[in-house]
Structures are given as C-alpha cells and as structure tokens.
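Structure first, commentary second.
The values are calculated or read from the model by the stated rules, or taken from the named source; none is laboratory data. All of these numbers come straight from a predicted model, not from anything done at the bench. Because the Cβ atoms are built from the backbone with ideal geometry, glycine has one as well, and the counts that use them run over all protein chains shown. Keep in mind that these areas ignore ligands, DNA and RNA; they rest on the heavy atoms of the full protein, side chains included. Shrake-Rupley method; radii C 1.70, N 1.55, O 1.52, S 1.80 Å.
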Amino acid sequence: MSKVWKLRSEEETPASLPAIAEELGITEMLAEILWHRGFRTSREMDMFLSPGLRNLCQPGDIPGLEESAAVLAEGIAEGRKFAVWGDYDVDGVTSVAVVKSFLKDRGYECAHYLPNRLKEGYGLNVNGLSGLHEDGVELLLTVDCGITNNAEIAAANEMGMTVVVSDHHLPGAELPPAAAVCNPRMTEYNGCQFGECSCATLAGVGVAFMLMARLNRLLPGEPVDMRQYLDFVALGTIADVVELQGQNRILVKNGLLLLKDARRPGIAALKVVSGYDMFAAIGAGQVGFGLAPRINASGRMGDPHKALELLLCEEMETARPIAKVLDELNAERKAEEDRILEEALAQAEEHVRRDNRAGLVLYSSSWHPGIIGIVASRVVEKFYRPTVMLCEENGVIKGSARSIKEFHIHEGLTTMAELFMNFGGHKLAAGMSFKAEHLSEFRERFDQAVIDKIGSEPLKATLKVDRELPLEQIDYVLLKELELMQPFGMGNPEPVFTTPPVEVLERRPMGREHVKLTVADKSRTRRMPAKAWRMAEELGSELIGTTMRFAFSPKIDKFNGIPTIELTVRDYKRR
C-alpha cells in the first residue's frame, strides 16, 4: 500500500543557516535536515551531533533514585543476601547484566531471577518470590518491571524481604509498597512533586544503569568506571524501541563504541553468529535486527537464562556454543514467525474482503504466544489497521495488539475492560488475556471501537520525508555526514528522501520477497542500484522502462568488500 508522502517540515529555513553550517563544519544540506527536525541553533545541532557523556543527567534527577540507592547501599552494608529480578526481553536481560556485572566488579555477590515467559509471564510472581525467600534472599531489586506488581511486592514484604523497584513503565494509580521506588515517569514520590524528567524516556536498562551509578558512590571502596557497562545499556535501549533522543542518544551513541570493540566474549560471539565481523562498527539497525533478536529469542521461546549467561561469559570458548544455541533459537523463531504470518495474512485478507473490518482480530489456538506480537506488527505494516493477534492456552486466550498512530490501542481496549482477565499497554501496543467464551464479542466490540474513533474507511499510512534529492547529489560526502545523525530509531528516524521522476532500467529478484532495481535520472547520466525489501510482488518486471518516483534512504553497501552507494526503497509512486 503506497503511503502519503509528507515533508517533515514545510517552514522556510532562515538566512542564518549557511553561517550555522560553516560554524559547525557541516554542509548546508545537513544543517537544513537538522533544522527541519527541530534543532534551530548551532548549540542544539552541536549537542545532537556530538552527544558527550558530560551532558548526561545526574542520577538523582530520576524520581526516587536517591532513596532507592540508599536502601540498597544499607542492605549491602548489612550483608543481606541480594538478588535482582528482571524481565525476559532484551531490556530486562541487559538490566540484570548491568546490575550483576557492576556488583561483581565492586566485590559483591548478586543472585538473579528471570521469569519463563511461557510458564510465568511478565513481572513478579509469588512462586518465584517464595523460591528466592527459601534461598535466603533478603534484599530484592526489580529492573524493567515491578511498578504495577503491588500484590506480589506486598507478599515479598510479608516474607521479610526489602524490595526496591526500578522500572520505566507507567506507574498505576497507586505505587507498589516497596521500600523504595525509582521510575523517571513518576510525577510524585514521598510527598515531592517532580516536573518533566529529562530521563523520562529511558529504557529499563537506562534506569538500572543510573541507579548503579549512584550506588557506585555510596558503597565503600574505590568506585568503578561506569562507562564499561554502556554496551549493555545500548543493546537494551535499542531493543526496547524507546526514543533515541536526549539521554538515550547519549547512552546509545557511546555504548555503540563498546559494541564495536566487543571486549566481552559474549558480545563478540553474538556479533559473529549475527553475521558481523567481531570488531566491526555496528549501528542501531544492526543491533535491532541482528543482535537483539537472538537475545530475545531465548526469552520468546521460553527460557531467557541462556541470553544472560552469554552476556556474562568471560571466555570465548564458553561464549561461542551459547551464541550458537541462541542463533538456532532465533532461526526456530523466524520459521515459526513465517508460518504464523502466512496464516495471519490469509485471515486478515478474509476479514477485510468479506467483512471490511476496520479493526482486525486474528486467532489460532496453535500460534506461539511469544511471537504473535512480532507478527501483529507485520500485519499492521501491510493493512494499516489496528490488529490483535490471539492464541489460546488452557482455555485462556492471550493476545498481543499493535496499532496505527490514529488509534490509541490502550484507550480502545479500556472501553471493553470488563471482558479481560488482564490487560495493559500504551498508545501503539498492548496485551490482554480473557476467557475463550468472550472471543466473538471481543472481535465485534474491537472493530466497533476502531470505527467509532477513526471511521470505517481504511486510512493510508503517512511517510515523513526530509526533502527531494536528485541522484546526482548523492555521494560519499553526504553519506558520511548522515552517519553523524546515527543512531537512528524511534524519535530519530533515518533520513528519507524522494527522487524526482526516474526511469527503471533493470529489475532482479533477491530471494522470494525482495527485489533489486537499477534506476536512472531522465538524462541517464546517473544510474544507481536500489533495493526494495518485501516488495517483490508489488514491483514486478512490467516496471522496466517506466518512470517512477521513490522514497528512499541512501546507504553504503560493502558487499564483497567494495563500497558502493545504493538506495533502500521505503515507498514508491507510479507516474
């Protein structure tokens, strides 16, 4: 489905822009791109292009962090047995890795607990807490979870545990009864009001890192250099798809340098099985599509402990076989994803064709609960309609929902909250569980909720573009400058340009789903290769010789060791 192309900004750039570009030593084109993205002064542009650690917020700026660090420091000083409880995804696993690595470097032992996604689900549970209590744990830190586990933390209190919660998810109406809570999204804590926190968009691993940074100054003995843990922070932050602006940009940009060096055997082995050279520089894209899925596969397919074991490996001989296992799990996950996607797309086609559903509710009892969220995103990508993917376990239906920017999925689900055993989420993603007998009613009410909000006619996705860019202006100088804008991701999307009308000279398939084109300007003085991923069906051989416009991101392809400039196609328009 072709998207609506919209300029990121239609404001006219100021006459001072060439002077700003000269002051910063960048081209006017880069200055123009940054200006249209909201960086209006040379200082703002400079801080964005050079995000130094000196610009990090102070750990104490995070609500509740000072109190949380003090409770931990006191408990450790008293010799209480300490454990950290994390989530099973990349953010949670890397959060646990930060805490365990830091405490080990400071000379303290730390147990850990990572729940099994399929057997235990997200967050704390009483059985797991009881196991820790039986093992003698008295001091418990939660990372990337816990903010809504009020009942479970109350149970831990009754067992005699002191609990500290560190999380980045939205707090509920009432905070959990922990000894201390730190969360950058809290607006009030211990009677103090907090304004907008500069760390509000931190991932769970970012909060854990800040908490350990403060604890580093409270524990006796020589503090350690906290920068050594930024590879974990970058990995978890990128995988959690939080905004790569402000504080996150500082953490990730610096953490990517450590991921390049790959001094940890686990990181080195992970890069190799992901298809990268052990010491290659990698960007957020390579982390998000290469490294992170292999860490996630461990938790998605059930047990996240292998992923943590890999990150904490101290020898390559130990790391290599674990990385191989994660790679195999990821291959298994991808095969299962492909199977589920084929079935889901067929269902979606039927719902749209037969019933003209505005909101898609897709169901199969055989679908894997750890994979339906990924597939829901792919369905939204194709149909641009809010989508709920459902599977069934022991008579209970579990779902994962993904949405479009025009429909707040959590608000929509709130209108039918009485159907659910549990549900939660935010604007674009949510999860729920309910009894199988409510499936038909849920399908009808979800569809109606979407219609009530955005109407019954299908909407078209919008693609924000930075500017039109003729082929002759695409060169290595431009590509090198665009690299300064890395890391790309949520809040800092990769620049997207549009071509003027160009001619399609060649078309060659790449596998079943992808296609490689050769395009040329009208005078045929400049030809460029263009790769279109998952567009083989749409861009058939009948396009050869036709004139089209493409939305694209320019890249340097280093296949066979020879760098060449190519276009990655984001969208297209036929003339």
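Residue by residue through segment 102-118, note down the ones that are open to solvent by 10 Å² or more (accessible area, probe 1.4 Å) and within 23 Å of the chain's Cα centre (by Cα). Talk me through it step by step, then tell me what you get.
To start, the set of residues in segment 102-118 that are open to solvent by 10 Å² or more (accessible area, probe 1.4 Å) comprises 104-113, 116-118.
Answer for segment 102-118, where residues must be open to solvent by 10 Å² or more (accessible area, probe 1.4 Å) and within 23 Å of the chain's Cα centre (by Cα): Tyr113, Asn116, Arg117, Leu118.
Pairs only if they're at least six apart or on different chains, beta carbon under 7 angstrom, first in segment 70-86 and on the phi < 0 side of the Ramachandran plot, second acidic (Asp, Glu) and open to solvent by less than 30 Å² (accessible area, probe 1.4 Å); list them, first residue then second.
That search, which allows pairs on different chains as well, returns Gly86/Asp144.
Could you check segment 406-438 and list, in sequence order, the residues that are among the small types (Gly, Ala, Ser) and either within 16 Å of His169 (Cα to Cα) or open to solvent by 10 Å² or more (accessible area, probe 1.4 Å) (or both)? Steps first, please.
Pass one, segment 406-438, residues among the small types (Gly, Ala, Ser): 412, 417, 424-425, 429-431, 433, 436.
Once the filter is applied, which keeps residues that are among the small types (Gly, Ala, Ser) and either within 16 Å of His169 (Cα to Cα) or open to solvent by 10 Å² or more (accessible area, probe 1.4 Å) (or both), segment 406-438 yields Ala417, Gly424, Gly425, Ala429, Ala430, Gly431, Ser433, Ala436.
Name the strands (runs of 3 or more DSSP E) wholly inside segment 367-444 in which the number of residues that are within 22 Å of Leu341 (Cα to Cα) and not acidic (Asp, Glu) is 1 or more. Break it down into steps so the answer makes sense when it comes.
Working: elements: 387-393, 396-402, 422-425, 429-435.
Where strands (runs of 3 or more DSSP E) fall fully within segment 367-444 and carry at least 1 residues being within 22 Å of Leu341 (Cα to Cα) and not acidic (Asp, Glu), they are 387-393, 396-402, 429-435.
Of all the residues that make up segment 450-461, how many are part of a helix (DSSP H, G or I) and either surrounded by fewer than 20 Cβ atoms within 10 Å (Cβ to Cβ) or in contact with an Asp or Glu (Cβ under 9 Å, 6 or more places away or on another chain) (or both)? Reasoning before the result, please.
Here is the first cut: in segment 450-461, the ones part of a helix (DSSP H, G or I) are 450-454.
So of that shortlist, the ones also either surrounded by fewer than 20 Cβ atoms within 10 Å (Cβ to Cβ) or in contact with an Asp or Glu (Cβ under 9 Å, 6 or more places away or on another chain) (or both) come out as 451-454.
Matching residues across segment 450-461 total 4.
Within segment 70-101, how many residues turn out to be more than 19 Å from the chain's Cα centre (by Cα), surrounded by 16 or more Cβ atoms within 10 Å (Cβ to Cβ) and of a type in the set (A, V, I, L, M, F, W, C)?
The qualifying residues number 10.
Among the residues of segment 140-170 satisfying the criterion of being more than 16 Å from Ser95 (Cβ to Cβ) and assigned to a loop (DSSP other than H, G, I, E, B), which is least open to solvent (accessible area, probe 1.4 Å)?
Per the criteria, the residue is Met161.
Within segment 484-509, how many residues turn out to be under 25 Å from the mean Cα position of the chain (by Cα), without any contact (Cβ under 8 Å) to a residue 60 or more places away in the chain and not in a loop (DSSP other than H, G, I, E, B)?
Qualifying residue count, segment 484-509: 1.
So Phe289 clears everything in (1) free of Cβ contacts under 8 Å to residues at least 24 places away in the same chain; (2) surrounded by 24 or more Cβ atoms within 10 Å (Cβ to Cβ) except one condition, right? Which one?
(2)
Here are some residues: Leu308, Leu291, Leu341, Leu326. Which one is in contact with a helix residue (DSSP H, G or I) (Cβ under 6 Å, 6 or more places away or on another chain), closer than 26 Å to Leu439 by Cα and assigned to a helix (DSSP H, G or I)? Working first, answer last.
Working: Leu308 fails: closer than 26 Å to Leu439 by Cα; Leu291 fails: closer than 26 Å to Leu439 by Cα; Leu326 fails: closer than 26 Å to Leu439 by Cα.
None of the others qualify; the one that does is Leu341.
Of all residues being of a type in the set (Lys, Arg) and assigned to a helix (DSSP H, G or I) in segment 181-233, which is most open to solvent (accessible area, probe 1.4 Å)? Just the residue, please.
Per the stated criteria, the residue is Arg217.
Could you tell me which numbered condition Cys391 fails, if it satisfies all but one of (1) closer than 19 Å to Ala348 by Cα; (2) buried (at least 16 other Cβ atoms within 10 Å of the Cβ); (3) under 20 Å from the mean Cα position of the chain (by Cα)?
Going through (1) closer than 19 Å to Ala348 by Cα; (2) buried (at least 16 other Cβ atoms within 10 Å of the Cβ); (3) under 20 Å from the mean Cα position of the chain (by Cα) one by one, Cys391 breaks only (3).
So which strands (runs of 3 or more DSSP E) are wholly in segment 514-575 and hold at least 3 residues that are among the charged types (D, E, K, R) and at pLDDT 95 or above?
Ranges flagged: 564-574.
Quickly run through segment 416-475 and pick out the residues that are more than 25 Å from Arg117 (Cβ to Cβ) and basic (Lys, Arg).
Arg443, Arg445, Lys453, Lys460, Lys464, Arg467
Which residues, taken from segment 254-268, are under 20 Å from Ile295 (Cα atoms) and either among the hydrophobic types (A, V, I, L, M, F, W, C) or part of a helix (DSSP H, G or I) (or both)?
Let us first name the residues in segment 254-268 that are under 20 Å from Ile295 (Cα atoms), namely 255-268.
Of everything in segment 254-268, those that are under 20 Å from Ile295 (Cα atoms) and either among the hydrophobic types (A, V, I, L, M, F, W, C) or part of a helix (DSSP H, G or I) (or both) turn out to be Gly255, Leu256, Leu257, Leu258, Leu259, Lys260, Asp261, Ala262, Pro265, Gly266, Ile267, Ala268.
Mind counting the residues in segment 177-202 that are in contact with a Gly (Cβ under 8 Å, 6 or more places away or on another chain) and farther than 20 Å from His410 by Cβ?
Residues flagged as in contact with a Gly (Cβ under 8 Å, 6 or more places away or on another chain) and farther than 20 Å from His410 by Cβ within segment 177-202 amount to 8.
If you go through segment 469-483, how many residues are outside any helix (DSSP H, G or I) and touching a Lys or Arg at 6+ places or on another chain (Cβ under 9 Å)? Don't jump to the end; show me each part of the working.
At the first step, the residues of segment 469-483 found to be outside any helix (DSSP H, G or I) are 469-470, 474-475.
This time we only want the ones that are touching a Lys or Arg at 6+ places or on another chain (Cβ under 9 Å), so: 470, 474.
Qualifying residue count for the region: 2.
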